[in-house]
Ligand SMILES: Cc1cc2nc3c(=O)[nH]c(=O)nc-3n(C[C@H](O)[C@H](O)[C@H](O)COP(=O)(O)O)c2cc1C
């Protein structure tokens, strides 16, 4: 019927109707994203859940560690930030107990306190000293926190063996060898992904690994971009970012920026382990997004950034050339 109506309509009318339909769909998609950001992000209520508060704590202790890493931090800096952080951590531990979020924050506070003592402040002059000491005494041990010394030589040694070839030899693989992938290799790639920069170190992107063959096929069928090679995919990684980590209108796109950086590092991590991969877009309408969430029971508060199909590399295979624009397109001096 749709096709018959389309054929019956004069071309200019059809064009107007199609444009109208596209705009209505676009509005619907934005409304879907806006509703989800409204509902889960920390814009309205930073205390709505453990994850909302964890992201505030992370942002706040990051302000302190950032301050400590400057060339000449001022003793006693950050009075308001420290007070806020102590309050957040006390609240977090009371509600949810101690975990890596609270201990990382306390480790930063401990480092901040040491910094002030080393710079000659006495206990009474250190902002929120009583709160800091009480939090420090509530834990048996602390992870590394605050700042660390980094040696240029160590960085140069680690990067010496990495040349253009590492980046240029990565290609999207759409012709995988048979066989499973080793979870240790996936973990290696996840560790690489976790080292990606993220806004205020709110590092809460995640990889869901699907390696059950039937589930792999379900994921690829819903995604729809692996036609012709889906049968040979060993595993699918679903990369998500949690909306609870972001707040305010300005951060409405941040989940995809952070999730995109996380994804790239994940793909390079797979490449470093000799696994083939191809990113699969999550440029989806609300209905496809819903279908995937329902099939895999993904938490509502997370957005899907992309899928990555993974498999062993064949001895030899064909890959799309995918030419790149010239340097004068990609690099401009302002
Ligand atoms: C976010 C994203 C989504 C993509 N989606 C698909 C997809 O659905 N199907 C596919 O075959 N390739 C997909 N690709 C792979 C691109 O086509 C590929 O990265 C590009 O052509 C560059 O080629 P290269 O990866 O071999 O360097 C996607 C890539 C990205 C970054």
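Remark: pairs (first residue in the range 284-301, without any contact (Cβ under 8 Å) to a residue 40 or more places away in the chain; second residue part of a loop (DSSP other than H, G, I, E, B); Cβ separation under 8 Å; 6+ apart in sequence or on different chains) = 293/300. In the set (1) at pLDDT 95 or above; (2) within 28 Å of the chain's Cα centre (by Cα); (3) over 30 Å from residue 324 (Cβ atoms), residue 204 fails one condition alone, (1). Here the range 282-293 is the region considered, the condition is being in contact with a helix residue (DSSP H, G or I) (Cβ under 8 Å, 6 or more places away or on another chain) and within 13 Å of the ligand (Cβ to nearest atom), and the residue that is nearest to residue 179 (Cα to Cα) is 282.
Hey, does the range 150-166 have a residue that's at pLDDT 95 or above, within 16 Å of the ligand (Cβ to nearest atom) and surrounded by 13 or more Cβ atoms within 10 Å (Cβ to Cβ)? No, the range 150-166 has no match at all.
Yes or no: residue 141 out of contact with any strand residue (DSSP E or B) (no Cβ under 8 Å at 6 or more places or on another chain), closer than 28 Å to residue 200 by Cβ and surrounded by 11 or more Cβ atoms within 10 Å (Cβ to Cβ)? Against the criterion (out of contact with any strand residue (DSSP E or B) (no Cβ under 8 Å at 6 or more places or on another chain), closer than 28 Å to residue 200 by Cβ and surrounded by 11 or more Cβ atoms within 10 Å (Cβ to Cβ)), residue 141 does not qualify. Among residues of the range 270-281 being within 15 Å of the ligand (Cβ to nearest atom) and over 16 Å from residue 227 (Cα atoms), the one that is surrounded by the fewest Cβ atoms within 10 Å (Cβ to Cβ) is 271.
Just for the range 167-199: of the residues that are part of a helix (DSSP H, G or I) and within 16 Å of the ligand (Cβ to nearest atom), which one is farthest from residue 270 (Cα to Cα)? It comes out as 168.
When restricted to residues that are in contact with a strand residue (DSSP E or B) (Cβ under 6 Å, 6 or more places away or on another chain) and not in a strand (DSSP E or B), the range 259-293 contains 5.
In the range 294-317, the qualifying residues are those that are surrounded by 15 or more Cβ atoms within 10 Å (Cβ to Cβ) and not in a strand (DSSP E or B), and the one that is nearest to the ligand (Cβ to nearest atom) is 313. Among the residues of this structure, residue 227 counts as one that is outside any helix (DSSP H, G or I), farther than 30 Å from residue 61 by Cα, over 20 Å from the mean Cα position of the chain (by Cα) and without any contact (Cβ under 8 Å) to a residue 12 or more places away in the chain.
Restricted to the range 208-228, and to residues there that are under 30 Å from residue 52 (Cα atoms) and away from the ligand (no atom under 15 Å from the Cβ), the residue that is surrounded by the most Cβ atoms within 10 Å (Cβ to Cβ) is 210. Filtering the range 241-266 to residues that are surrounded by fewer than 23 Cβ atoms within 10 Å (Cβ to Cβ) and within 15 Å of the ligand (Cβ to nearest atom) leaves 253, 256, 257, 260, 261, 264, 265.
The values are calculated or read from the model by the stated rules, or taken from the named source; none is laboratory data. All values reported here derive from a predicted model rather than from experimental measurement. When we count neighbours, we look across all protein chains shown, and the Cβ atoms used for this are built from the backbone with ideal geometry, even at glycine.
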